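Taking it in order: structure first as structure tokens, then the write-up.
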Amino acid sequence: MKKRLSAIAITFLALSGCATVPTVSQEETNKAKQFDAPSEGNAGIYVYRINSAFGGALKKDVWLNGKCVGETAPGIFFYEEVAGNREHTLSTESEFSPNSLMLEAESGKNYFVEQYIKMGAFVGGAGLKVVDATTGKNEVTKLDMARQGRCSN
């Protein structure tokens, strides 16, 4: 019984610590938080992860169309422009395989995708969901912008 309780306590501590990733300058972060329209013919995608009590010690990769966007931690976001009027694939690592989300991105619009941590059998996994612009802007304004291009895999 003591071994089982110890294992549960260790798992809880591992999932509730606080991971960090490199961030960009405050100037770059503030510019992204202006939520300007993307360049002509493009769409903008914000991928973010809120601060939460669960999974804080976990870093999870995010890919866009098979290219590494970066590694997430609580309280960060990424911004990426993509070709508009096309379907794009966002993926994140989960416990056993990547989770993917297809997003039809219309030119001139910004999209907000929340990455969330979910319970797994051995370690927490991650999922992605599109949120409305009001919710997304509200959450992103509280976060720091992470440096792109650093994935664990």
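The values are calculated or read from the model by the stated rules, or taken from the named source; none is laboratory data. Values in this document were obtained by computation on a predicted structure and should not be read as measured data. As a convention, Cβ positions derive from the backbone with ideal geometry for all residues, glycine included, and neighbour counts pool all protein chains shown. In case anyone asks, the SASA skips ligands and DNA or RNA and just uses the protein heavy atoms, side chains included. Shrake-Rupley method; radii C 1.70, N 1.55, O 1.52, S 1.80 Å.
Modelled label positions at Asp144 and Thr20, each set 7 Å beyond Cα in the direction of Cβ, lie 0.6 nm from each other. With the highest mean first, a sort of the peptides 78-90, 33-45, 61-73 on other beta-carbon atoms found within 10 angstrom per residue produces 61-73, 78-90, 33-45.
Coordinate range of the alpha-carbon atoms in region 62-153 per principal axis, descending: 41, 28, 23 Å. Under 17 Å from the 7 Å Cα→Cβ point of Ile50, by amide nitrogen: which residues of region 123-153? It comes to 126-144, nothing else. The share of accessible area on region 99-147 that comes from carbon and sulfur is 51 percent, using a 1.4 angstrom probe.
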